[in-house]
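Read through the structure below, which is laid out as structure tokens, and then see the notes.
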Amino acid sequence: MKTLAVLALLAAIPAGAAVADDHGRNHDDDCLVPMADWQPREAVERLAAANGWAVRRIKVDDGCYEIVGTDADGRGIEAKVDPATLAVIEIEHEDDDEDDDHRGRDDRGAGRAPAAPGPAAPPRNQLLGTGAPPQARVN
Amino acid sequence: MRSALATLALTTALTMPGLAEARPVTLTTTLSDYGGDGAYLALYVTDAEGAYVGSLWMAGGKSKYYDHLSAWHRATGGDLAQVDGITGASVGPGRTLEISVDLADALFDAGYTLHIDAAVEDMRDSPNEVAVPLTQGGAGTAVAGRRYVASFRYDM
């Protein structure tokens, strides 16, 4: 009986299930919309057209629709959209920072320029002997 | 006792930098061909008690994704000052990140562990992708990560 109980317990633990692992994630950007309330993709396409966006793809991320494309000025954007209300929750521009954004772009870690430490001094974290900033390179 | 001595050495290094003994170390991280976007990587160190000591490098520039580096994030509370000035681009599949850094001598053979957390968008997070003790004897030995890191080693 005890073996059975142990096995049942083990079975109940989701081995490798992504759902259980949250690790304190920030979910402010997530959408929690029941499937019944989702508007169809066509509605998202119409929203994009109304905003003058060229759509490269529409995907689902963190429970929201996400439009990947370019805006009316030709800037790459990713727009997070509430699937029920079609409210735009967030827009990220691909040139927001020097670094990677999402797929479609040349970001297979494309050996970008040596990572400059930037104007800020490295953290005083007891690890660096001389205080000189680490230098990094992607090959 | 050893840990206390190491802590004293590090504290001394902070207050009297001229006395800090350090050595140039190269950290080489090669990613596998996991077939996804550029990976975010956090390299950081914990002491013999497992307490966070500091970060060595953050590959990946969008801080909103840093919570996917969950062990690092839990240890630092997501404090961006920890990676101020030591942040660079994410690293794609099959690519190698090479970091040259002067590391305090006191970090070696004193129970310190170097960790790498890894995360790839739309793929599984991998906290503690790599965790290796910092020792003289461990230099030059490559270890494989759990998911995204094909090999990691430190050379000095």
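Every read-out reported here was derived from the displayed coordinates using simple, explicitly stated rules and does not represent laboratory data. This is a predicted model, so every value here is computed, not measured. Every residue, glycine among them, receives a Cβ derived from its backbone with ideal geometry; neighbour counts consider all protein chains shown.
Distance between the 7 Å Cα→Cβ label points at residue B:62 and residue A:55: 2.0 nm. Sketch the reach of a paramagnetic label on residue B:33 as a point 7 Å from Cα along Cα-to-Cβ, and name the residues of region B:95-129 whose backbone nitrogen lies under 16 Å away. Within reach of a label on residue B:33, which here means backbone N under 16 Å from a point 7 Å along Cα→Cβ, region B:95-129 contributes B:95-96. Among the residues of A:74-80, the average count of other protein chain beta-carbon atoms within 10 Å of the residue beta-carbon is 0. Other residues whose C-beta falls under 14 angstrom from the C-beta of residue B:140 contribute a net charge of +1, scoring Lys and Arg +1 and Asp and Glu -1.
Working note: Karplus 6.51/-1.76/1.60 with θ = phi - 60° gives region A:34-47 the couplings x, 4, 4, 8, 5, 7, x, 4, 4, 5, 5, 4, 5, 4 Hz, where Gly and Pro are set to x.
Each Lys and Arg contributes +1 and each Asp and Glu -1, all at the Cβ; summed about the Cα centre of region B:2-155, the dipole is approximately 140 debye.
Taking the charge dipole of region B:2-155 about its Cα centre, with +1 at Lys and Arg Cβ atoms and -1 at Asp and Glu Cβ atoms, the residue from B:152, B:63, B:41 reaching farthest to the positive side is B:152.
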